[in-house]
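Colleague: There's a structure below that I have some questions on.
Throughout, read-outs are computed from the coordinates displayed, never taken from laboratory work. Values in this document were obtained by computation on a predicted structure and should not be read as measured data. Note: ideal-geometry Cβ built from the backbone for every residue, glycine included; neighbour counts use all protein chains shown.
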Amino acid sequence: MTANIDTEQLYKDNVLGNYGLPPISFVRGRGVHLWDDQGNQYLDFCSGLAVTTLGHCHPALTAAIQKQAETLLHVSNLYRNEKQALLARKLNDKAGGNGKVFFCNSGAEANEGLLKLSRLYGQRKAGAEGKCIKVVCAEKAFHGRTFGGMSATPKPKVQNGFHPLVPGFVFAELNNLESFANAVDDETSAVFIETIQGEGGIHPCEVEFLQGLRKLCDEKGVLLLLDEVQCGIARTGVFFAFEHAGVKPDAIGMAKGLGSGVPVGAIWIHDEFADLFTPGTHATTFGGTPLICAAALATLETIEKENIIENVKLNGEYLINALDSLQNEMPESIVEVRGRGYLVGIQISGDNLALVKACRDKGLIVPPAEGNVVRFLPPLIATKTEIDAAIAIFKECLQEQMAQMKAEATA
Ligand SMILES: *Cc1c(COP(=O)(O)O)cnc(C)c1O
């Protein structure tokens with residue numbers, strides 16, 4: 001407790017109960033570490049859900065936020081601001097230089113922008129009398145909690161209680177090109193998928209599948225929209241995860257890691273389709289505000305200055321190899337290791353939520369995912385030493401869980 005603040009009680013009395021929260025409150029962070037209000041230190045391999053790209057309180061980010069806070073916080077999008085212009089140029093460069101960027105405040109809002117693009121494109125394609133509103137998404141997808149995002153997320157846990165949803169969404173099997181080809185018809189405006197599924201349990205699109213999808217979309221005149229909200233911004237050892245497949249989408253949604261902790265979302269749209277958004281068709285009050293853009297710019301500049309992509313590429317392989325060895329060592333505990341770079345999922349045979357708790361009790365913060373998966377999402381500055389430390393705790397917890405499962409089975 002800090003200065004007699006009873007955070008737990010204040011939450012109970014005042015914060016909406018939509019999260020099942022553990023009895024823990026963080027008060028401070030530095031690099032890969034977090035501290036709670038009892039003074040306990042943790043190794044943070046959650047990164048606030050793939051958000052804190054540079055770790056906690058990176059000096060370059062702190063300085064950029066402080067400087068901008070003393071200069072100009074907000075002007076709205078009724079006017080230009082230079083930080084938004086600079087950030088847009090940087091993201092456009094990363095995406096190939098032949099598009100335009102729109103800024104918003106979250107991943108769900110970025111995806112809403114992509115879905116609105118698909119409607120505008122469908123109208124252009126089908127003409128005034130035609131109908132072209134279908135969007136093909138993937139099974140096990142997660143695209144956010146707005147009505148559009150929920151409608152693209154075929155999970156009872158997400159959708160129950162909120163019907164009727166937005167019409168037009170159909171679902172196909174990830175990494176099954178035929179399944180997607182069968183789902184696309186004359187009324188389809190877009191294919192919309194995560195390049196690597198995050199919440200669904202870390203399921204990467206295979207290279208040939210993404211290449212095949214690109215070809216399918218070109219042949220059918222359908223937009224390829226990629227949700228890189230979790231897998232983008234250097235997390236997999238390349239700037240955008242689709243670079244692994246060498247394909248170019250027509251539009252990209254991004255958010256989480258872009259601001260290294262400040263709330264920012266963005267969409268990039270290829271120039272061929274960017275003009276579908278004419279003045280008045282889309283907007284947001286806070287998007288692209290100077291404070292947030294200064295933070296995102298500092299994040300991207302630090303990624304370059306500190307060779308962070310290289311770090312993730314090298315150490316990401318080290319992390320996956322170490323987990324693969326652990327699986328060989330403990331085949332009854334680990335079902336599969338999936339992912340790329342610092343976006344890794346470990347499917348286990350025991351209960352993932354119990355393992356997440358056990359790790360936390362031993363000072364390692366890791367998030368779960370669907371399908372009995374524990375995720376490793378370290379900040380992109382994490383070193384081999386820190387990876388070793390995380391794996392040591394994880395292994396110990398897995399061993400204890402397995403011992404307990406065996407004891408229960410024989411009891
Ligand atoms: C987290 C996430 C979202 C939603 O982002 P919010 O910022 O929580 O709205 C959308 N898509 C993917 C792939 C995500 O991982």
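Colleague: Step by step: first the residues of region 180-223, then only those that are of a type in the set (D, E, K, R) and in a helix (DSSP H, G or I), then the one that is nearest to residue 46 (Cα to Cα). Which residue is that? Let's see the steps before the verdict.
Modeller: First pass over region 180-223, keeping only residues of a type in the set (D, E, K, R): 185-187, 194, 199, 206, 208, 214-215, 218-220.
Retained after the next criterion (residues that are in a helix (DSSP H, G or I)): 208, 214-215, 218-220.
Values: 208: 30, 214: 32, 215: 35, 218: 37, 219: 40, 220: 39 Å.
Of everything passing the filter in region 180-223, 208 is nearest to residue 46 (Cα to Cα).
Colleague: Also, I was wondering about something else. If I ask for residues that are among the charged types (D, E, K, R) and in contact (Cβ under 8 Å) with a residue 12 or more places away in the chain, which ones from region 1-27 would you list? Working first, answer last.
Modeller: Taking region 1-27 first, the residues among the charged types (D, E, K, R) are 6, 8, 12-13.
Result: 8, single match.
Colleague: It is to be established whether one or more residues within region 151-163 are among the small types (Gly, Ala, Ser) and either in a strand (DSSP E or B) or surrounded by 15 or more Cβ atoms within 10 Å (Cβ to Cβ) (or both). Show your work before the answer.
Modeller: Here is the first cut: in region 151-163, the residues among the small types (Gly, Ala, Ser) are 151-152, 161.
Next, from what is left, pick out any that are either in a strand (DSSP E or B) or surrounded by 15 or more Cβ atoms within 10 Å (Cβ to Cβ) (or both): 151-152.
The answer is yes; a qualifying residue exists.
Colleague: A further question follows. State which residue pairs qualify: first residue closer than 17 Å to residue 233 by Cα and inside region 41-60, second residue within 16 Å of the ligand (Cβ to nearest atom) and of a type in the set (Lys, Arg) in any location, beta carbons under 7 Å apart, and separation of 6 or more residues or different chains.
Modeller: Going by the 7 Å Cβ cut-off, the qualifying pairs are 49/256; 50/235; 50/256; 51/256.
Colleague: Would you please name the residue that is nearest to the ligand (Cβ to nearest atom), looking only at residues in region 224-254 that are among the aliphatic types (A, V, I, L, M) and in a helix (DSSP H, G or I)?
Modeller: Restricting attention to region 224-254, the residues satisfying the condition of being among the aliphatic types (A, V, I, L, M) are 224-226, 229, 233-234, 238, 241, 245, 247, 251-252, 254.
Going one step further and asking which of them are in a helix (DSSP H, G or I), we end up with 241, 245.
Details: 241: 10, 245: 17 Å.
Checking each candidate, the answer is 241.
Colleague: Can you pull out every residue in region 380-404 that is surrounded by fewer than 16 Cβ atoms within 10 Å (Cβ to Cβ) and in a helix (DSSP H, G or I)? Before the answer, list the steps.
Modeller: Filtering region 380-404 for residues surrounded by fewer than 16 Cβ atoms within 10 Å (Cβ to Cβ) gives 383-385, 388, 392, 396, 399-400, 403-404.
If the condition is that a residue be surrounded by fewer than 16 Cβ atoms within 10 Å (Cβ to Cβ) and in a helix (DSSP H, G or I), then 384, 385, 388, 392, 396, 399, 400, 403, 404 are the ones that fit.
Colleague: Additional query: If residue 166 passes every condition in (1) more than 16 Å from the ligand (Cβ to nearest atom); (2) of a type in the set (A, V, I, L, M); (3) over 20 Å from the mean Cα position of the chain (by Cα); (4) more than 27 Å from residue 352 (Cβ to Cβ) but one, which one does it miss?
Modeller: (1)
Listed here are the residues, each with its yes/no results for (1) among the aliphatic types (A, V, I, L, M); (2) free of Cβ contacts under 8 Å to residues at least 12 places away in the same chain; (3) on the phi > 0 side of the Ramachandran plot; (4) surrounded by fewer than 21 Cβ atoms within 10 Å (Cβ to Cβ).
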| position | (1), (2), (3), (4) |
| --- | --- |
| 331 | no, yes, no, yes |
| 335 | yes, no, no, yes |
| 340 | no, no, no, no |
| 355 | yes, no, no, no |
| 362 | no, no, no, yes |
| 371 | no, no, yes, yes |
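Colleague: Just one of 42, 11 is surrounded by 13 or more Cβ atoms within 10 Å (Cβ to Cβ), over 24 Å from the mean Cα position of the chain (by Cα) and not in a loop (DSSP other than H, G, I, E, B); which is it?
Modeller: Result of the check over 42, 11: 11.
Colleague: Search region 97-108 for residues that are under 15 Å from residue 291 (Cα atoms) and in contact (Cβ under 8 Å) with a residue 24 or more places away in the chain and pair each with any residue that is away from the ligand (no atom under 15 Å from the Cβ) and part of a loop (DSSP other than H, G, I, E, B) when their beta-carbon atoms are under 7 Å apart and the residues are at least 6 apart or on different chains.
Modeller: Going by the 7 Å Cβ cut-off, the qualifying pairs are 103/288.
Colleague: Quick check on my filter: what residues within region 255-310 are of a type in the set (D, E, K, R) and within 16 Å of the ligand (Cβ to nearest atom)?
Modeller: As a first pass, look at region 255-310 and keep what is of a type in the set (D, E, K, R): 256, 271-272, 275, 301, 304-306, 310.
Of everything in region 255-310, just one residue is of a type in the set (D, E, K, R) and within 16 Å of the ligand (Cβ to nearest atom), namely 256.
Colleague: Would a scan of region 58-76 turn up a residue that is in a loop (DSSP other than H, G, I, E, B), within 19 Å of residue 378 (Cβ to Cβ) and out of contact with any Phe, Trp or Tyr (no Cβ under 9 Å at 6 or more places or on another chain)?
Modeller: Looking only at region 58-76, we keep the residues that are in a loop (DSSP other than H, G, I, E, B), and these are 58, 70-76.
After this cut, where a residue has to be within 19 Å of residue 378 (Cβ to Cβ) as well, the list is 58.
Those left that are additionally out of contact with any Phe, Trp or Tyr (no Cβ under 9 Å at 6 or more places or on another chain): 58.
Yes, because at least one residue in region 58-76 is in a loop (DSSP other than H, G, I, E, B), within 19 Å of residue 378 (Cβ to Cβ) and out of contact with any Phe, Trp or Tyr (no Cβ under 9 Å at 6 or more places or on another chain).
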